[in-house]
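Structure, as structure tokens:
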Amino acid sequence: MKNTLILAVETSCDETSIALVRNGKDVVAMEVYTQMDTHAMYGGVVPEIASRMHTEAITLVLESLLQKSHVKLDEIDAVAVTYAPGLLGGLLVGVEFAKVIAFLYNKPLIKVNHMMGHIYANNIDNNLKFPLLAMVVSGGHTELIEMNSDYEYNLLGATMDDAIGETFDKVARILDLPYPGGPNLEKLAKNGNVCYELTKPVNDAIIHFSYSGLKSNVINLVHNFKQKGIEINKNDLAASFQSVAVDEVIRKIEIALKAKTYKQLILAGGVSANNYLREEVSKLADKYKVEFSVPRMLYCTDNAAMIGAAAYPLYIKHLNFASYNLNAKSHISTIE
Ligand code: KG4
Ligand code: ZN
């Protein structure tokens, strides 16, 4: 079989990342330049600063990647780029950069949905096995997706209001934790006990996710305790919140697993870095005797290797080939 080498570009949030991926699995080289320390000073990602930092970094990131890998740009077969969803300014930097390389080296340009990238991160160290159930948990998405083969999918459930990662970040902020909120909240939760009673999302009839009630509950509880001068045990509140938030994911995955048999249950997206979530989903997979897959930490957070992995089946199937008028989009679902 011919080897296919894809240059993949990812700039949807606060990581400027470029990777060379062979046959959608072999990460020949990857560079990730993170802006996290800068955004931490502001308590969250500042979109305009993110765009500017991508502009400053992207050519240097490519230069470093090529130096380390000893690959020349004319050796690649295609250029893949995250075009949606994410912060528009950052996406535009990556899209324009990818277009110029595709144009100069006369290579196909493949547009990749960032969320599909998170799913295909599971195909790097493991293999996707269809039909599979994918639980996508990120800053902007809480989606349950069934995939019957590459890029053939059904959306089973989606975010009705706040996404799970967004809720972790907002609760972290209420607890005065520094950015990034989710991982810092997880650290507190490790030392806490589940003892605060919080609102559990109740909708069981259809598979849909709602976190706004839980978020408001935590915010109100913190305000009430402050007003009354009662001290909050942050570790315990973090543990209690995390337990309810993860329970909601488990409950909804279980509805899907009861309804149909899958070969694989995969976790995808930034929140899949959460160890408690990984453990709970893994236990559920054992209960239903379905293989569980989650990317290693490096491929859970935003990175270009996963974009190269997601682009490979698109290249083979000749899907998502984009023209030079490709534009970025800030909001799309995983299945668009
Ligand atoms: O997928 P991602 O890197 O960016 C988006 O595409 O949204 O996900 C980022 C989200 C943030 O909300 C972040 O707080 C959350 O993932 N996150 C975590 C953890 N690591 C990242 N949430 C909970 N526990 C973690 N360990
Ligand atoms: Zn992401």
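Some observations on this one:
- For the cross-link pairs Lys68/Lys317; Lys25/Lys317; Lys2/Lys68; Lys129/Lys260; Lys252/Lys289, the ones whose C-alpha atoms lie over 19 Å apart are Lys68/Lys317; Lys2/Lys68.
- Whole-Å distance, taken between Cα centres, linking the range 237-313 and the range 83-147: 17 Å
- Across the accessible surface of the range 101-256, with the other protein chains kept in place and a 1.4 Å probe, carbon and sulfur atoms take up 50 percent.
- On Cα atoms only, tilt of 164-174 relative to the major axis of the chain in degrees: 60 degrees
- The magnitude of the dipole of the chain, with charges of +1 and -1 set on the Cβ of Lys/Arg and Asp/Glu and taken from the Cα centre, is near 520 debye.
- Computed from point charges on the beta carbon alone (+1 for Lys and Arg, -1 for Asp and Glu), the dipole magnitude for the range 226-290 about its Cα centre is near 260 Debye.
- Using θ = phi - 60° and Karplus 6.51 cos²θ - 1.76 cosθ + 1.60, couplings along the range 191-202 (whole Hz; Gly, Pro as x): 9, x, 10, 7, 9, 7, 8, 10, 4, 9, x, 10
- Whole-number percent relative contact order across the range 1-154, with pairs defined as alpha carbons under 8 Å at least 6 apart: 22 percent
- Our coupling estimate for the range 132-149, obtained by passing each phi through the Karplus curve with A = 6.51, B = -1.76, C = 1.60 and θ = phi - 60°, is 10, 10, 10, 9, 9, 10, 9, x, x, 9, 10, 10, 10, 10, 9, 10, 9, 6 Hz, Gly and Pro reported as x.
- When the alpha-carbon atoms of the range 192-336 are used, the pair Rg, Dmax equals 19.4, 62 angstrom.
- Angle of helix 305-317 to the longest C-alpha principal axis of the chain, folded into 0 to 90 degrees and rounded to 10: 60°.
- Relative contact order, percent, the range 129-294 [alpha-carbon distance under 8 Å, six or more residues apart]: 28 percent
- Each 10 Å bin from 0 upward holds the following percent of the Cα-Cα pairs of the chain: 6, 26, 32, 23, 10, 2, 0.
- Relative to its residue count, the range 130-223 spans a Cα convex hull of 123 Å³ per residue.
- Cα extents of the range 97-149 along the three principal axes, largest first (Å): 39, 25, 19
- Sorted on the mean count of surrounding Cβ atoms within 10 Å across their residues, most packed first, peptides 315-328, 243-256 read 243-256, 315-328.
- Tilt relative to the chain, helix 234-259 - C-alpha long axis, 0 to 90 degrees, to 10: 70 degrees
- Partners for Lys99 among lysines (Cα-Cα distance below 16 Å; same-chain residues under 8 apart left out): Lys107, Lys111, Lys329
- Across the chain, Cα pairs under 8 Å and at least six residues apart give a relative contact order of 25 percent.
- A 1.4 Å probe run over the protein chains yields, for the range 206-248, 44 Å² of accessible area per residue, whole-number rounding.
- Expected-Rg normalisation [2.2 N^0.38 Å, Cα atoms] applied to the range 1-110: 1.07
- DSSP finds beta bridges in the chain, and of those with both partners inside it, around 60 percent are antiparallel.
- Under 23 Å from the Cα of Lys190 - lysines, other chains or at least 8 residues apart: Lys170, Lys200, Lys215, Lys234, Lys283
The values are calculated or read from the model by the stated rules, or taken from the named source; none is laboratory data. These numbers come from a predicted model, not from an experiment. Methodologically, a virtual Cβ is constructed for each residue, glycine included, from the backbone with ideal geometry; neighbour enumeration extends over all protein chains shown. For accessibility, only protein heavy atoms count, side chains too; no ligands or nucleic acids. Shrake-Rupley method; radii C 1.70, N 1.55, O 1.52, S 1.80 Å.
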